[in-house]
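Here the structure is laid out as structure tokens; the discussion comes afterwards.
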Amino acid sequence: MHLAAELADLAAHPRLARHSAALRDLADAVSSGRGLEVWAGGSLVTAYGGADALGDGPSEKGDRARRLGLLPTALVFVPLLITWFGLGAAAWANQRMNDSGSRSDGSFLTLWQQGFDGHLWPFLRFDMMAVWTVLALAALATTTMLRHRWEERDERERLVLSQRLSGALAQTEALAVRAAATSPRRFTEELQGAAAELHALLGRAVDVQEGARRAVAQADGATDRTVTALASLDSALVILRAGASEAREATRGASTPRARSPRGRTYWRTGWPRP
């Protein structure tokens, strides 16, 4: 299959050395059609196709790239060093010429170009210093351009490889999900999981029913106690009514003898006996 060959080719790539074993296993599973369902548990693209999936490639190529990246950093100071070294050598040659008593007409640049009457080495004359400076600048520009070209080529290679890896892993993941959906073992596991969830739901329903039954029983007990209290209150009211009637009769019976004296005489309201 084309997908199996692609996975095998990716497994052999130096930049994918850290995931080569897993990619070879995927290639074998795709080519044989067996064992794909075990790869359906997670995202293959996330696990093996992330930003850190690609390495640096072969060690010698990486060393060459690092050296090429350091060259522009070092060469940027070379033109400055050449200029100051040439100026120092010219000043030293001018001093030696003056100490020797030689007299030459012309400016400092003219004497520098002429070699200060033979006191300056030919490769340090002004025209040669200009040549060395131009060569250093050209080397700096060349190495900088080469570094940029290498970085762009490396980035393109990483992008193409990452796209190939993500595409192959996505196709493999789709095949794994399809294989897991048709696998009897997978179906059995999903059925067992659903049965376990149903059992847990039934257990919670039984607990809720038992709590409701206890709440109803407590409510029935409270109702019985309320009825008993009302009956006792009714009995107390009957007793109170009977006591109030007895008290009223007793008060009425006690008010009748006060209208007469012990001798049977009737008194006026003034308190004197009637003749």
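Checked against (1) under 30 Å from His19 (Cα atoms); (2) hydrophobic (A, V, I, L, M, F, W, C); (3) without any contact (Cβ under 8 Å) to a residue 60 or more places away in the chain, Leu161 meets all criteria but (3).
Filter segment 9-21 for residues that are surrounded by fewer than 17 Cβ atoms within 10 Å (Cβ to Cβ) and under 12 Å from Arg164 (Cα atoms) and give the result.
Within segment 9-21, the first condition is being surrounded by fewer than 17 Cβ atoms within 10 Å (Cβ to Cβ), and the residues that meet it are 9, 12, 14, 17-18, 20-21.
Selection gives Asp9 alone.
Listed by first and then second residue, the pairs with beta-carbon distance under 8 Å, at least 6 apart or on different chains, first residue in segment 79-91 and modelled with pLDDT of 90 or more, second aliphatic (A, V, I, L, M) and not in a helix (DSSP H, G or I), are Ala89/Leu120; Ala90/Leu120. I'd like to know if segment 140-153 contains one or more residues that are open to solvent by less than 70 Å² (accessible area, probe 1.4 Å), closer than 23 Å to Pro72 by Cα, at pLDDT 90 or above and of a type outside the set (Ser, Thr, Tyr). Looking through segment 140-153, at least one residue is open to solvent by less than 70 Å² (accessible area, probe 1.4 Å), closer than 23 Å to Pro72 by Cα, at pLDDT 90 or above and of a type outside the set (Ser, Thr, Tyr). What pairs come out if I take residues in segment 139-151 that are within 18 Å of Leu80 (Cβ to Cβ) and pair them with residues that are open to solvent by 70 Å² or more (accessible area, probe 1.4 Å) and in a helix (DSSP H, G or I) whose C-beta lies under 7 Å away, six or more apart or interchain? Correct list of pairs: Thr143/Leu71. Filtered by the rule that a residue be open to solvent by 30 Å² or more (accessible area, probe 1.4 Å) and part of a helix (DSSP H, G or I), segment 25-54 gives Asp25, Asp28, Ser31, Ser32, Glu37, Val38, Trp39, Val45, Thr46, Ala47, Tyr48.
With the condition kept exactly as written, say whether any residue in segment 108-130 is assigned to a helix (DSSP H, G or I), under 24 Å from Arg66 (Cβ atoms) and under 60 Å from the mean Cα position of the chain (by Cα). No, every residue in segment 108-130 fails to be assigned to a helix (DSSP H, G or I), under 24 Å from Arg66 (Cβ atoms) and under 60 Å from the mean Cα position of the chain (by Cα).
Pairing residues of segment 12-26 that are closer than 12 Å to Tyr48 by Cβ with residues that are open to solvent by 60 Å² or more (accessible area, probe 1.4 Å) and not in a helix (DSSP H, G or I), at Cβ distances under 8 Å and at least 6 apart in sequence or on separate chains, gives Ser20/Ala12.
Going by the structure shown, is Ala195 open to solvent by less than 100 Å² (accessible area, probe 1.4 Å), touching a Leu at 6+ places or on another chain (Cβ under 6 Å) and either modelled with pLDDT of 80 or more or part of a helix (DSSP H, G or I) (or both)? Criteria not met by Ala195.
The values are calculated or read from the model by the stated rules, or taken from the named source; none is laboratory data. Since this is a predicted model, take the numbers as computed values, not measurements. Cβ atoms come from the backbone with ideal geometry, glycine included; neighbour counts cover every protein chain shown. Keep in mind that these areas ignore ligands, DNA and RNA; they rest on the heavy atoms of the full protein, side chains included. Shrake-Rupley method; radii C 1.70, N 1.55, O 1.52, S 1.80 Å.
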